1. Among the numbered criteria (1) at pLDDT 90 or above; (2) closer than 29 Å to residue 25 by Cβ, which one does residue 58 miss?
2. Taking the range 116-142 as the search range and keeping residues that are at pLDDT 85 or above and surrounded by 11 or more Cβ atoms within 10 Å (Cβ to Cβ), which one is farthest from residue 180 (Cα to Cα)?
3. Return the total of residues in the range 18-27 being within 12 Å of residue 4 (Cβ to Cβ) and in contact (Cβ under 8 Å) with a residue 12 or more places away in the chain.
4. Any residue in the range 108-137 that is without any contact (Cβ under 8 Å) to a residue 60 or more places away in the chain sitting within a Cβ distance under 6 Å of a residue that is assigned to a helix (DSSP H, G or I)? List the pairs, counting only those 6 or more apart or interchain.
5. I'm trying to understand the selection: among the residues of the range 28-78, which are in a helix (DSSP H, G or I), in contact (Cβ under 8 Å) with a residue 12 or more places away in the chain and surrounded by 11 or more Cβ atoms within 10 Å (Cβ to Cβ)?
6. For residue 159, only one of the following conditions fails: (1) in a helix (DSSP H, G or I); (2) out of contact with any helix residue (DSSP H, G or I) (no Cβ under 8 Å at 6 or more places or on another chain). What is its number?
7. Quick check: is even one residue across the range 92-112 out of contact with any strand residue (DSSP E or B) (no Cβ under 6 Å at 6 or more places or on another chain) and surrounded by 12 or more Cβ atoms within 10 Å (Cβ to Cβ)?
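The values are calculated or read from the model by the stated rules, or taken from the named source; none is laboratory data. Computed from a prediction, not measured in an experiment: that's the story for all the values here. As a convention, Cβ positions derive from the backbone with ideal geometry for all residues, glycine included, and neighbour counts pool all protein chains shown.
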């Protein structure tokens with residue numbers, strides 16, 4: 001224990017009265033009032049009460065800070081969890097967007113392929129149709145030419161007058177050739193126009 005000198009005692013009491021500042025903490029445990037100094041004993045008693053009150057307040061503040069720290073840690077963990085979920089959701093969204101883009105590309109490619117197949121099928125159908133028309137036209141032209149030639153030959157061998165049938169034979173071949181060129185020209189024009197449209 002430390003005994004207080006008269007000067008120190010007076011300074012402590014004066015500071016307490018004027019500035020309301022008191023001794024506190026562990027230092028109070030080693031201070032001893034001079035014998036018979038009731039005023040300084042009351043001062044030390046008041047210092048101890050204020051120290052206890054201050055310690056209680058500090059303890060309450062510490063507990064409150066600890067409680068708030070726990071709440072903050074819990075909120076931080078909750079925020080971290082939410083951020084993780086948000087990050088996962090963003091990654092899923094990016095993945096879904098990438099998959100949707102991939103599906104769009106595949107759909108576009110499938111559409112292009114289907115259009116190409118359709119165009120090819122149309123051209124093939126047109127080509128086959130044109131082929132059939134040309135074959136039928138040629139068969140008719142050749143058939144009429146052969147029949148007319150046979151009839152002209154029969155008329156020549158039978159000794160009949162071939163003047164009418166000869167001119168008919170010549171006219172028929174002229175008409176057949178003209179029609180043949182007309183058919184082929186029409187077919188080529190249709191083929192050219194359909195190719196230009198597509």
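1. Only one criterion is unmet by residue 58, namely (1).
2. Only one residue fits best here, namely 118.
3. From the range 18-27, those within 12 Å of residue 4 (Cβ to Cβ) are 23, 27; that's our starting set.
Narrowing the set further to residues that are in contact (Cβ under 8 Å) with a residue 12 or more places away in the chain leaves 23.
Selection size over the range 18-27: 1.
4. 137/183
5. First, the residues of the range 28-78 that are in a helix (DSSP H, G or I): 28-30, 38-78.
Going one step further and asking which of them are in contact (Cβ under 8 Å) with a residue 12 or more places away in the chain, we end up with 28, 30, 39-40, 43-44, 46-48, 50-51, 54.
Of everything in the range 28-78, those that are in a helix (DSSP H, G or I), in contact (Cβ under 8 Å) with a residue 12 or more places away in the chain and surrounded by 11 or more Cβ atoms within 10 Å (Cβ to Cβ) turn out to be 28, 40, 43, 44, 46, 47, 48, 50, 51, 54.
6. Of (1) in a helix (DSSP H, G or I); (2) out of contact with any helix residue (DSSP H, G or I) (no Cβ under 8 Å at 6 or more places or on another chain), only one is false for residue 159: (1).
7. Let us first name the residues in the range 92-112 that are out of contact with any strand residue (DSSP E or B) (no Cβ under 6 Å at 6 or more places or on another chain), namely 92-112.
With surrounded by 12 or more Cβ atoms within 10 Å (Cβ to Cβ) added as a condition, the list becomes none.
Scanning the range 92-112 turns up no residue that is out of contact with any strand residue (DSSP E or B) (no Cβ under 6 Å at 6 or more places or on another chain) and surrounded by 12 or more Cβ atoms within 10 Å (Cβ to Cβ).
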